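Data block below; observations after.
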Amino acid sequence: MVPIVVASQLATGLGVLAGAVLVKQVLEQKPMAGGGPRCPSCNGTGRVGCLCSRWSDGDSGCRTCAGSGRMACGSCGGTGTGRPIPVQISLRRNPPS
């Protein structure tokens, strides 16, 4: 009975891993859902090369990218679409002279 349990757990683990790889591939090929224009920094993927892989000696992996070498885009926040920058403009009237 032990080999059956091990085989079942192994099959479940492989299924989860295959699903994660499939989701990752789909997310990297298609931009995230949204009605805005594509982000010019990440080309709509929402992910860019991590800083740890840009300036390292060939290894990659840090807390930001969790070892993948890719992190969320700083321009769009990982959405893949351009986002407006909120600006608050305050006007002051000059006192009459």
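Numbers at a glance
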read-out	value
For THR81, residues with placed amide H under 5 Å, excluding near neighbours	CYS39
Solvent-accessible ranking of VAL5, VAL48, largest area first, probe 1.4 Å	VAL5, VAL48
Gain in span if fully extended, ASN94 to ARG63, counting 0.36 nm per residue against the direct Cα distance	6.1 nm
HN-Hα J in Hz across region 5-20 - Karplus 6.51, -1.76, 1.60, θ = phi - 60°, x for Gly and Pro	5, 5, 5, 5, 5, 5, 5, 5, x, 5, x, 5, 5, 5, x, 5
Rounded to the nearest 10 Å², the accessible area of VAL87 at probe 1.4 Å	110
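The values are calculated or read from the model by the stated rules, or taken from the named source; none is laboratory data. It should be emphasised that the depicted structure is a prediction, and the values quoted were computed from it without experimental measurement. Protein only, heavy atoms only, side chains kept; ligands, DNA and RNA dropped before computing areas. Shrake-Rupley method; radii C 1.70, N 1.55, O 1.52, S 1.80 Å.
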